[in-house]
Amino acid sequence: MTDECGLSSTPIGGVDGKLFVRDQADIPEILKCLLFGKKPDRVVIARSRDEVVSTVRYAFEHEIPIVPRGGATSPYGGVMPVKGGIVLDLSHLSSVMDINVEKGTARVEAGVRWAQLNERLPDGLTMYTYPTSWFSTVGGWIATGGYGIHSLRYGHLSTLVDALEVVDGTGNVRWIHNGDEGFSHHFGTEGQMGIVLSAVLKVGHVPSSKLDLLLFDSPRGALEKASELARRKDVLHIVMLEEGRMHEMNVLLGEDLLPERCALLVESEEGIEDVPKAQPWQASYVWGQRFFPLKPKKLGPGLLASEILCPMDVAPEYIERAHSLARGYGVSISTEVHVMGKDLALVVPTFITNKRRTLPYMTHLSLVLALTQEGVAIGGRPYGIGTWNTPYAKKAFTREEWNALKQYKHEIDPKGILNPGKFFSLATRVPLLEQLMGSRLVRGSRLIAPLLGSPQHEEKPDVVRDAYESCTHCGACVSVCPAVALLGDERLSPRAKLFYARMLREEGKLDAEEGSRLMLCLHCGQCEKVCQAGLNLKAVWEKLEEELSGYPMPTEDIERLTRLVESEESYRKLADGGMLHG
């Protein structure tokens with residue numbers, strides 16, 4: 001709908017106001033309220049590029065904070081409106097605008113998801129690099145990350161983008177080309193420097209490769225071999241998985257099919273022959289799991305992690321320190337190390353937790369802070385910034401780089417309306433976050449954590465509760481849901497419905513529209529086929545419909561959606577977007 005300001009706003013009362021400011025981070029609401037207490041003044045769902053421009057111009061004129069939102073698949077709180085204002089959703093800018101086979105480029109809008117682009121590329125062409133968050137958006141990965149699969153071979157995402165079309169903080173549209181001054185400032189800076197409308201990506205031919213799962217007795221030995229292999233010209237990708245990570249895969253499989261040893265998964269053109277290794281089918285299985293890093297969450301239900309970029313030669317010591325820290329909390333961690341360059345590693349220590357037990361869970365959040373602090377102390381830097389890593393943002397850059405970023409920010413966003421209150425400095429209601437991140441509180445949490453007992457405890461199965469607590473918020477279901485694609489409303493997505501179900505259980509009620517929205521479902525099963533957590537979503541929808549029997553059934557909307565799905569034009573739209581699986 002169009003509000004009194006002429007913006008295409010979505011109502012933000014009730015549950016909707018929480019839905020559009022949530023990402024993967026499982027932060028207790030009480031903590032978010034204590035720290036920030038701000039809600040968006042409005043949510044704008046941009047349906048066109050012109051709407052993005054007009055929204056930013058309105059925000060500039062009235063000095064209103066504006067927070068860009070893509071797939072909301074980051075765990076760092078980048079979408080949180082810490083100063084209120086407008087949340088600008090870009091996920092509907094999802095057109096693959098042009099693929100130039102001769103030049104080896106693809107121009108895509110910011111809301112295109114990597115899985116969608118992969119479906120649209122003609123045979124023989126592929127993306128040089130892509131994130132493990134397969135259903136995140138192109139614009140989102142530009143803003144928050146840029147290291148992923150094949151970064152070892154082809155480099156950071158910024159080297160694989162020819163140009164960006166950006167709306168600056170005054171509402172003007174700029175084209176910024178690779179090599180231009182300020183081009184690199186748009187990568188990993190959380191939308192501080194402008195809102196990406198489209199990007200011209202390099203695409204091409206990636207050579208055929210072989211997979212090997214090499215086996216070692218320790219992370220140190222595995223990483224020594226990884227450092228050697230990273231210098232081979234035929235190697236495309238290397239990731240180390242600790243024994244605990246391999247064990248988690250077996251637990252999720254329900255049987256011991258994989259060797260529970262420290263493993264090095266290597267993708268190369270020539271293969272590896274001089275190291276003991278697993279069976280080819282085991283290597284293929286582990287490779288296939290690269291898109292599902294959050295699967296173990298259902299074992300808690302809860303999964304916490306830190307992500308540290310550090311030199312390869314300090315990665316073994318960081319892993320050892322991480323294990324020592326975790327033992328102090330009575331926690332077992334499992335680590336993955338993604339080799340991103342000859343001398344660069346992305347170290348990801350993760351651990352299972354249980355967010356149903358609030359106090360132990362809060363101490364585990366402090367362990368995440370401790371792991372990040374340890375990574376910075378050893379010479380690393382946080383991979384993502386968002387809200388929660390803002391106190392460490394300066395550590396990710398040299399003094400010269402930091403000063404250049406601040407200068408560029410002032411030039412491109414003179415009123416400071418783009419995603420304010422994070423990255424450069426943190427805006428909190430009280431100076432609590434700095435206290436939380438202080439070593440004193442982290443040490444205190446470490447002392448009391450063992451006294452609280454294990455966060456794991458048995459509870460009676462509940463198909464609805466178990467689903468919304470195990471949901472990884474990865475966005476895969478959003479991408480394949482016919483209701484979202486054809487009616488253009490993310491609130492109809494399975495991910496959103498699980499959030500509504502959680503609010504129903506915790507708050508006891510939904511309004512009539514929210515309840516009816518939960519029942520607008522074709523039971524097509526597409527969401528189950530792509531669900532990272534392997535949730536039994538059909539059973540969830542059936543149970544919810546029983547519980548919502550007192551709410552009006554949206555019969556007309558269901559019939560309308562059915563007619564749309566059955567039309568030839570809509571079927572093509574779903575197929576082109578990679579939304580039909582099996």
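The values are calculated or read from the model by the stated rules, or taken from the named source; none is laboratory data. Fair warning: this is a prediction, and the values are worked out from it, not measured in the lab. All Cβ positions, glycine included, derive from the backbone under ideal geometry; neighbour counts span all protein chains shown.
For E228, state whether it is assigned to a loop (DSSP other than H, G, I, E, B), surrounded by fewer than 18 Cβ atoms within 10 Å (Cβ to Cβ) and free of Cβ contacts under 8 Å to residues at least 60 places away in the same chain.
On the way: assigned to a loop (DSSP other than H, G, I, E, B): no; surrounded by fewer than 18 Cβ atoms within 10 Å (Cβ to Cβ): yes; free of Cβ contacts under 8 Å to residues at least 60 places away in the same chain: yes.
No: the conditions fail for E228.
Evaluate region 445-460: report whether one residue or more is modelled with pLDDT of 65 or more and surrounded by fewer than 20 Cβ atoms within 10 Å (Cβ to Cβ). Quick ask: steps written out before the conclusion?
Within region 445-460, the subset modelled with pLDDT of 65 or more is 459-460.
From what's left, surrounded by fewer than 20 Cβ atoms within 10 Å (Cβ to Cβ): 459-460.
Yes, the conditions are met somewhere in region 445-460.
Please work out which one of (1) touching a Ser or Thr at 6+ places or on another chain (Cβ under 7 Å); (2) closer than 26 Å to T129 by Cα is the condition F351 fails and give its number.
Condition (2) is where F351 drops out.
Please work out if V286 is surrounded by fewer than 19 Cβ atoms within 10 Å (Cβ to Cβ) and either closer than 21 Å to L152 by Cβ or in contact with a Cys (Cβ under 8 Å, 6 or more places away or on another chain) (or both). Even if it seems obvious, please write down each step before you answer.
Working: surrounded by fewer than 19 Cβ atoms within 10 Å (Cβ to Cβ): no; either closer than 21 Å to L152 by Cβ or in contact with a Cys (Cβ under 8 Å, 6 or more places away or on another chain) (or both): yes.
It is false that V286 is surrounded by fewer than 19 Cβ atoms within 10 Å (Cβ to Cβ) and either closer than 21 Å to L152 by Cβ or in contact with a Cys (Cβ under 8 Å, 6 or more places away or on another chain) (or both).
Take the conditions crowded, with 16+ Cβ neighbours inside 10 Å and either modelled with pLDDT of 95 or more or not β-branched (V, I, T) (or both) and apply them to P301. Does it pass?
Numbers: crowded, with 16+ Cβ neighbours inside 10 Å: yes; either modelled with pLDDT of 95 or more or not β-branched (V, I, T) (or both): yes.
Yes, satisfied.
Which one of the conditions (1) at pLDDT 90 or above; (2) surrounded by 24 or more Cβ atoms within 10 Å (Cβ to Cβ) does M127 fail to meet, given that it meets all the rest?
(2)
Can you find a residue in region 508-520 that is more than 21 Å from D16 (Cβ to Cβ) and either in contact (Cβ under 8 Å) with a residue 12 or more places away in the chain or in a helix (DSSP H, G or I) (or both)?
Just the residues of region 508-520 that are more than 21 Å from D16 (Cβ to Cβ), to begin with: none.
No, region 508-520 contains no residue that is more than 21 Å from D16 (Cβ to Cβ) and either in contact (Cβ under 8 Å) with a residue 12 or more places away in the chain or in a helix (DSSP H, G or I) (or both).
Inspect region 97-107 for any residue being in the same structural domain as F183 (by TED's automatic domain parsing) and surrounded by 24 or more Cβ atoms within 10 Å (Cβ to Cβ) and give the result as yes or no.
yes
Quick check: anything in region 195-206 within 30 Å of K422 (Cβ to Cβ), β-branched (V, I, T), at pLDDT below 95 and not in a strand (DSSP E or B)?
The answer is no, given that none of the residues of region 195-206 is within 30 Å of K422 (Cβ to Cβ), β-branched (V, I, T), at pLDDT below 95 and not in a strand (DSSP E or B).
Here is a list of conditions, (1) surrounded by 24 or more Cβ atoms within 10 Å (Cβ to Cβ); (2) under 30 Å from H410 (Cα atoms), and G155 meets all of them except one; can you say which number that is?
All conditions are met except number (1).
For region 268-291, name all the residues that are touching an Asp or Glu at 6+ places or on another chain (Cβ under 9 Å) and outside any loop (DSSP other than H, G, I, E, B).
At the first step, the residues of region 268-291 found to be touching an Asp or Glu at 6+ places or on another chain (Cβ under 9 Å) are 268-273, 275, 277-278, 280, 283, 287.
Passing the criteria: S268, K277, P280, A283, W287.
Please list, ordered by first then second residue, the pairs with beta carbon atoms under 7 Å, 6 or more apart or interchain, first in region 403-420 and without any contact (Cβ under 8 Å) to a residue 24 or more places away in the chain, second in a loop (DSSP other than H, G, I, E, B).
Pairs that qualify, where the first residue is without any contact (Cβ under 8 Å) to a residue 24 or more places away in the chain and the partner is in a loop (DSSP other than H, G, I, E, B), are K406/F424.
Only one of P296, P276, P280 is assigned by TED's automatic domain parsing to the domain that holds H364, within 24 Å of T144 (Cβ to Cβ) and not aliphatic (A, V, I, L, M); which?
Testing whether each residue is assigned by TED's automatic domain parsing to the domain that holds H364, within 24 Å of T144 (Cβ to Cβ) and not aliphatic (A, V, I, L, M) leaves just P296.
Within region 207-225, count every residue that is in a strand (DSSP E or B) and in contact with a Phe, Trp or Tyr (Cβ under 7 Å, 6 or more places away or on another chain). Working first, answer last.
Narrowing region 207-225 to residues in a strand (DSSP E or B): 210-216.
Among the residues that remain, those that are also in contact with a Phe, Trp or Tyr (Cβ under 7 Å, 6 or more places away or on another chain) are: 211.
Adding up the residues that qualify gives 1.
Taking region 45-71, which residues are within 17 Å of G488 (Cα to Cα), of a type in the set (A, V, I, L, M, F, W, C) and not in a loop (DSSP other than H, G, I, E, B)? Write out each step before concluding.
Within region 45-71, the first condition is being within 17 Å of G488 (Cα to Cα), and the residues that meet it are 45-49, 51-52, 69-71.
Next, only the ones that are of a type in the set (A, V, I, L, M, F, W, C) stay: 45-46, 52.
Selection gives I45, V52.
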